[in-house]
Amino acid sequence: MSLPLQFDLPEELQQLRDLVRDVVRKEVVPNRMHYDENNEYPKAILQKFKEAGLYQALFDEEHGGLGYGMMGGIVLAEEVSWGCLGVNTAFTSTKLGALPIDVGGTKAQKDKWLPLLASGEKTAAFGLSEPGAGSDVPAMATTATKKGDRYILNGTKQWISSASQADIYTVFAMTDKGRGPRGISCFIIEKGTKGFSFGKKEDKLGIRCSETRQLIMEDCEIPEENLLGGKENMGFLHAFKTLILSRPAVAAGAVGLMQGAFDAAIEYAREREQFGTTIASFQAIQHMLADMAIKIEGSRLLTYKAGVYAESFHKDAAKFSAMAKCYASDSAVQVASDAVQIFGGYGYTKEYPVEKFYRDAKILQIYEGTSQIQRNEIAAGLIKDAASKTKKA
């Protein structure tokens, strides 16, 4: 579904937004602190999402989804993150894990795996980062060696959302080290495969209900039909396309978190009294609220534009995906910080949700490409555009 840039979402996406808001307010908001404090994966909430058809909203009609396209995923990420970024990360990790199959899988691979993910019967995770190769993807150490009709994988993936909870994993490995990034391939690994295990559960600052572990492959045997796309050395392209599509969704999560923090802050400012009046009447507070609103709306519009570009793989899609992810992530940290400041001492306690928004926000500047890496990619795109214009002139 194509979406022209506009201020209002089409009716079907407004209906989706209303549905998600209802589910989030009933299931996420009352339970978010329980899952955060106990570092517990939100299985019960995700089951409610499945029953409401929210997994289907992430996928196309051909594979059992609802066909809302990129903007459907953005609406979902924004609204779920309004309630809890951790729940959103646990939920949307399935789409992230499915994206390499979506952009690079054979018809047989898509027909086998995507309907299971669209129904919520199975969930997925994405395995790219490593202990020594986060932003530096070409430094990847995980290897895949062909042996008859199977591949033998060895290596470790780091910071994997929903590791041990997912059923299907898209994992990247070197099949031709001599070719550098052009020697990377992607494989589909099923949970329970011999030689495939998980590291310790990370005890994180924020998004604590989203389980994060290592993926460990020790002589892990994968049938050759699980080589994504049926061709070796296409993994870098699969990862590149995946990140173009996933970064606007991360930006949408940042927008949702900001909106949640802002809503809490402005409500508190209208109720809290100091010096005989509400603090919302103080110009210092008003300016903070105005700056927060500017960052939210600017991030939202940039995210929507990036989503439209990403869905069509527009020539500027990579640049705008990086812009949206970078600006929205940096803005989310500032907006969440300002929300805590407006609450004052109360904002530093767990009695109010803004301290959680603040802790959760920081990961947005780190996962799926740090803000510094986004700036590198934006600059590279700008310089390339300038060089192209010079040649034409």
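About its Cα centre, the chain has a charge dipole of approximately 1100 debye under the convention of +1 per Lys or Arg Cβ and -1 per Asp or Glu Cβ, with nothing else charged. Its Cα centre serving as origin, the stretch 237-391 has a Cβ charge dipole (Lys and Arg +1, Asp and Glu -1) of approximately 780 debye.
Relative contact order, percent, of the stretch 328-393 when contacts are C-alpha pairs under 8 Å separated by at least 6 residues?
Numbers: 35 pairs, mean separation 19.6, N = 66.
Result for the stretch 328-393 is 30 percent.
For the peptides 65-74, 103-112, 206-215, residues were scored by their other Cβ atoms within 10 Å and the scores averaged per peptide; the highest-first order is 206-215, 65-74, 103-112. Sorted on the mean count of surrounding Cβ atoms within 10 Å across their residues, most packed first, peptides 191-197, 336-342, 374-380 read 336-342, 374-380, 191-197.
Expressed as a whole percent, the accessible surface of the stretch 237-391 that belongs to carbon and sulfur atoms is 59, based on a 1.4 Å probe.
Over the chain, calculate the relative contact order: mean separation of alpha carbon pairs under 8 Å at least 6 apart, over the residue count, as a percent.
16
Taking every protein chain into account, the accessible area of the stretch 11-119 amounts to 38 square angstrom per residue (probe 1.4 Å).
Under the criterion of Cα pairs below 8 Å and six or more residues apart, the relative contact order for the stretch 15-141 equals 24 percent. Long hydrophobic helices in the chain: none of the complete DSSP H runs spans 24 Å or more by Cα along its own axis with mean Kyte-Doolittle hydropathy of at least 1.6. Ligands, DNA and RNA left out, the accessible area of the stretch 124-235 computed with a 1.4 Å probe is 46% carbon and sulfur.
Return one whole number: the accessible area per residue of the stretch 200-309 in Å², for a 1.4 Å probe.
Details: 4810 Å² over 110 residues.
I get 44 Å² per residue for this part.
Which of the peptides 49-55, 13-19 is most tightly packed, and how do the rest follow, judged by the mean count of other Cβ atoms within 10 Å per residue? Write out the running numbers ahead of the final one.
Values: 49-55: 19.1, 13-19: 15.6.
Ranked by mean Cβ neighbours within 10 Å, highest first: 49-55, 13-19.
Within the listed set Ala269, Ala306, Ala44, the residue fluctuating most in the Gaussian network model of the chain (springs between alpha-carbon atoms under 10 angstrom) is Ala44. Across the options Ile378, Phe49, Tyr309, the greatest Cα extent toward the positive end of the charge dipole of the chain (unit charges at beta carbon of Lys, Arg, Asp, Glu) belongs to Ile378.
The values are calculated or read from the model by the stated rules, or taken from the named source; none is laboratory data. This structure is a prediction, so every number in the text was calculated from the model and none was measured. Note that each Cβ is placed from the backbone with ideal geometry, even for glycine, and that neighbours are counted across all protein chains shown. What goes into the accessible areas is simple: the full protein's heavy atoms, side chains included, and nothing from ligands, DNA or RNA. Shrake-Rupley method; radii C 1.70, N 1.55, O 1.52, S 1.80 Å.
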